[in-house]
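What follows draws every value from the coordinates through simple rules; no lab data is involved. Keep in mind the model is a prediction, meaning the values are calculated, not measured. Cβ sites come from the backbone with ideal geometry, for glycine too, and all protein chains shown count toward neighbours.
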Amino acid sequence: MNIQIIMNNYFKKNLVSVEDIKREDVDVLFNRADEMKRLVEEKGGDERLKNKILAALFYEPSSRTFSSFITAMQRLGGGFIPFNGMANTSVAKGETLEDTAKVFSTYADIIVFRHPEKGSSSQIARTSSVPVINAGDGIGEHPTQALLDTYTISKHFTSLNSLTIGMIGDLLNGRTVHSLAKLFVKLGIKNFIWVSPNLLKMPEEINNLVTRNGGKLVETEMLADVIGEMDVIYDTRVQKERFTDIAVYEKLKLACVINQDVMKKAKKTALLMHPLPRVGEISAEVDEDPRALYFREQIRNGLYVRMALLDLILNK
Ligand code: CP
């Protein structure tokens, strides 16, 4: 009999960056996410996180990440503290991140944290006595989005290694693309195409990571020239909240719009993805295209992957 022992390397650990996860742990998470999908479809959920509390500390707006973590906790029988709308909390009185972390790690078993400053998740993780999941730290990272996106892609291709990945939009400020690129490199993907206005190019740190690991990189401003080569078309919005000069934002915000005409140039087998929210960079007419997965798959997979993460971090 072949008995395989599956290690849970997530137990009681932080998830601040995709760098915190080993290659083999990605498969553990995705298998657990498959289990969560079956659980939700068959029974709606269970009680495995009964008596566990999640504190959702959100210093920046969120619809999906905030709500999907809360839904995930509830579907597994746990409770939650929704700590957002900071104007009505003691954050407005000047309470520090460190003190807030101490307080909420007393109430809760896990903290899910979003904040406008890059590096703030590491900062809070150093003070918290319970695990911290980074739900987006400024222009830094958004590891759970990268995991749910990769989980979604893994359902469409037998192997990821030979894929050509296109990332489009605000690659400078988009934390989802930063985490996703790092995760793809970890998974052995080698072919990347970045499409962005010159002012919003992918940070050198990410490009260096790609090339150091033997990856091939094309950078361009012209989506039409390269969309036909992409297996995954990962679009992102221009991040208005990161601009100091709003006139520059206005000039760049729709530099690249994906509509039906643009999609005619894409492969029949390509996946069109977006972390959402979108603000005009994908026309609504594209939503019915079977290649468009942002509403059809990414949202639901986000729930399963976050349920899986909470289960793995909170249960041995
Ligand atoms: N994708 C994403 O992070 O969405 P929210 O900002 O709504 O959480």
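Around the amide H of ILE193, modelled in the peptide plane, lie the amide H atoms of ILE165, GLY166, MET167, VAL218, all under 5 Å away and 5 or more residues distant in sequence or on another chain. Across the stretch 69-82, coupling constants 3J(HN,Hα) worked out from phi with the 6.51/-1.76/1.60 Karplus curve, θ = phi - 60°, read 5, 5, 4, 4, 4, 5, 5, 9, x, x, x, 8, 10, x Hz, and Gly and Pro carry x.
For the stretch 87-109 and the stretch 33-68, write down the distance between their C-alpha centroids in whole Å. Cα centroid to Cα centroid, the span is 22 Å.
Given a Förster radius of 25 Å and the C-beta distance between ASP287 and ASN213 as r, what FRET efficiency does 1/(1 + (r/R0)^6) yield to the nearest 0.05? Working shown, then result.
On the way: r = 35 Å, r/R0 = 1.39.
E between ASP287 and ASN213, to the nearest 0.05, is 0.10.
Working note: Karplus 6.51/-1.76/1.60 with θ = phi - 60° gives the stretch 255-269 the couplings 4, 9, 10, 9, 10, 4, 4, 5, 5, 5, 7, 7, 4, 5, 9 Hz, where Gly and Pro are set to x.
Taken along its three principal axes, the alpha carbon spread of the stretch 144-298 comes to 43, 37, 30 Å, from the longest extent down to the shortest.
Take every pair of alpha-carbon atoms less than 8 Å apart whose residues are at least six positions apart; their mean separation over the length of the chain yields a relative contact order of 20 percent. Cross-link pairs exceeding 32 Å between alpha carbons, from the set LYS190/LYS264; LYS52/LYS201; LYS22/LYS251; LYS118/LYS190; LYS93/LYS251; LYS182/LYS265: LYS52/LYS201; LYS22/LYS251; LYS93/LYS251.
Of SER179, SER62, SER128, the residue with the greatest mean-square motion in the GNM of the chain, using alpha carbon springs below 10 Å, is SER62.
Residue-wise HN-Hα couplings along the stretch 17-28, as the Karplus relation 6.51 cos²θ - 1.76 cosθ + 1.60 with θ = phi - 60° gives them from phi, are 9, 5, 5, 6, 10, 7, 3, 5, 6, 4, 5, 4 Hz; Gly and Pro carry x. Cross-link partners for LYS43 among the aspartates and glutamates, with Cα-Cα distance under 18 Å and sequence neighbours closer than 8 places in the same chain left out: ASP34, GLU35, ASP311. Amide H contacts for ILE81 (H built 1.01 Å from N in the peptide plane; partners 5 or more residues away or on another chain; cut-off under 5 Å): LEU54, ALA55, ALA56. Stretching LYS264 away from GLU95 to a fully extended chain increases their span by 55.6 nm, per 0.36 nm per residue minus the current alpha-carbon distance.
Per-residue ellipticity at 222 nm computed for the chain from its helices equals -11000 deg cm²/dmol, with DSSP H segments shorter than 4 residues left out and the rest contributing -39,500 (n - 2.57). Convert 25 °C to kelvin, take the viscosity as 0.890 mPa s, use the Kirkwood radius over C-alpha pairs of the chain as Rh, and evaluate the Stokes-Einstein diffusion coefficient in µm²/s, rounded to a whole number. D, rounded to a whole number, is 122 µm²/s. To the nearest 10 degrees, how steeply does helix 143-154 sit against the main Cα axis of the chain, on a 0 to 90 scale? In the chain, helix 143-154 runs at an angle near 60 degrees to the longest axis. Rounded to the nearest 10 degrees, the angle from helix 175-186 to the longest Cα principal axis of the chain is 90 degrees. The alpha-carbon of LYS186 sits under 16 angstrom from the alpha-carbons of these aspartates and glutamates, leaving out residues fewer than 8 places away in its chain: GLU19, ASP20, GLU24, ASP25, ASP27, GLU141, ASP149, GLU205. Note on the chain: with a GNM built from Cα contacts shorter than 10 Å, the maximum mean-square fluctuation among ILE246, ILE153, ILE81 falls on ILE246.
Under 5 Å from the amide H of LYS267 lie the amide H atoms of MET230, each residue being 5 or more positions distant or on a separate chain, with H modelled from the backbone and absent for Pro and chain starts.
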